1. Please identify the pairs in which a residue from segment 131-148 that is more than 19 Å from residue 287 (Cα to Cα) and free of Cβ contacts under 8 Å to residues at least 60 places away in the same chain has its Cβ atom under 9 Å from the Cβ atom of a residue that is of a type in the set (Gly, Ala, Ser) and in a helix (DSSP H, G or I), counting only partners at least 6 apart or on another chain.
2. Scan segment 168-179 and tell me whether some residue there is of a type outside the set (Val, Ile, Thr), out of contact with any Pro (no Cβ under 7 Å at 6 or more places or on another chain) and closer than 30 Å to residue 301 by Cβ.
3. If we only count strands (runs of 3 or more DSSP E) wholly inside segment 335-379, which ones have 2 or more residues that are modelled with pLDDT under 90?
4. Looking at segment 97-214, what helices (runs of 4 or more DSSP H) fall wholly within it and have at least 1 residues that are of a type in the set (Lys, Arg) and closer than 30 Å to residue 253 by Cα?
5. Closer than 19 Å to residue 288 by Cα, of a type in the set (Lys, Arg) and in contact with a Leu (Cβ under 8 Å, 6 or more places away or on another chain): which single residue out of 255, 261 fits that description?
6. Of the numbered conditions (1) surrounded by 15 or more Cβ atoms within 10 Å (Cβ to Cβ); (2) in contact (Cβ under 8 Å) with a residue 40 or more places away in the chain; (3) farther than 25 Å from residue 377 by Cβ, residue 288 satisfies every one except a single condition; which is it?
Amino acid sequence: MLDKNNTLSTTVIVDENRMDMKNNKDSTAPSKSKPKNVENEQMLVKSFEVMDIKMKELENQLKLKSLKMKEMEQKILEKKERLTATRRKLQNVNAEIKDVQGKLYQSTKSIKVTDDDYSTIQAKLAKLSGKLSNLPLQLKSFLKIDEGPMFIYRYFLQRWPNENESLNELFKLSGDKIDSVLVALLVEKLLMEFIVYRIYFTKIHLNHEINEAFSSIEQVLLRAHHAEWIADLRLKCSKATQDIIQTKKSNFLSKEISQVKTALVEDLVKELLNIYKESKEMKERVEKIVDMAIELNLPMHGQEDIMLIRFLNKGDRVISSQVKAQYRCIGKDQNEKIILGISPVFLAKSIHDNEEERDETMDTYAHNYTVVFCGKAIW
């Protein structure tokens, strides 16, 4: 019985121990999950460390890219500056090229002294010729008819001793009366000769220094066999003179031209007073004619080929396309020679693109010249 109780007691003790062990197991259960949390924490830490490393790498890469961007921006800026400088240089070069082209054009282009060409010169010569023809008619009432025809005719005979034969032949036709038409033609001849010799035969214009300087250089060029340079020199001198006159830069030049004009008017009036009575109207009309003639001088000298003024003389053949008959026909037929020239022929050099265009049969008073304004003559 005792043993049974002991056994039961032992059993109870064992069960209690088991219960304690169970309780102990239950109490130690959390301690088994602790390593997992640590591991998770460690993994999380490592993840953050990796992320931090990645972030630093990305930051470094970003810094490098930013640095490269700055370098690229600097290079782009430098290239833009170079491009701007190059464009500026190109603009300067283009400006220089245009300047050189302009200078080349100015040095090679045909120099135009005035805007006149042969057609405008022809029109102005026609106007001048009309003024010359009208002057004797306007002064007719002042003609010294009281002195008789021989008094007036004698003046012309003394004026042109080489033309006496022709003049006497013409004077005989008028008999004892003054032939006013013939006198008018002879006065026109006188005026035209003065204008041509005193104005149009000047080298450049009505300035002694310019004409003398041009003549000296012209002789040098001729002696050096460079006659082809003379035309260019003449054009440049004429253009410079025209510019000075228009801009009124030289009082000396204007003064000299005025003096030459005054002297020419006085000389013409003095000649006319041999056959006309003195009048204020005479001087005024002569001044207008001289002014018109002077204005035409530079346009004629300003052509590439200088105009040829050819006086008509006794014995010259009649070229109907270049001379107009005056007075009455004295010759027996149309093949008659010129008896007395009144006004010269104004000619210009013919321009042909090739030899085939040249008309060798063209009748002219000067070979390879065409008429600009017809002369006047009695035949």
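1. Sorted first by the residue in segment 131-148, then by its partner, the pairs are 145/180.
2. no
3. Details: elements: 340-343, 345-349, 369-373, 375-378.
Filter on segment 335-379 gives an empty set.
4. The helices (runs of 4 or more DSSP H) meeting that bar are 118-138, 180-195.
5. Details: 255 fails: in contact with a Leu (Cβ under 8 Å, 6 or more places away or on another chain).
From the options 255, 261, the qualifying one is 261.
6. It is condition (1) that residue 288 fails.
Quick grid of which residues meet (1) touching a Lys or Arg at 6+ places or on another chain (Cβ under 8 Å); (2) over 30 Å from residue 143 (Cβ atoms); (3) loosely packed, with under 12 Cβ neighbours inside 10 Å:
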position	(1), (2), (3)
187	no, no, no
192	no, no, no
195	no, no, no
198	no, no, no
203	yes, yes, no
211	yes, yes, no
218	yes, yes, no
223	no, yes, yes
227	no, yes, yes
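The values are calculated or read from the model by the stated rules, or taken from the named source; none is laboratory data. The shown structure was predicted, so the numbers you read here are calculated from the model rather than taken from an experiment. Backbone-built Cβ (ideal geometry, glycine too); neighbour counts: all protein chains shown.
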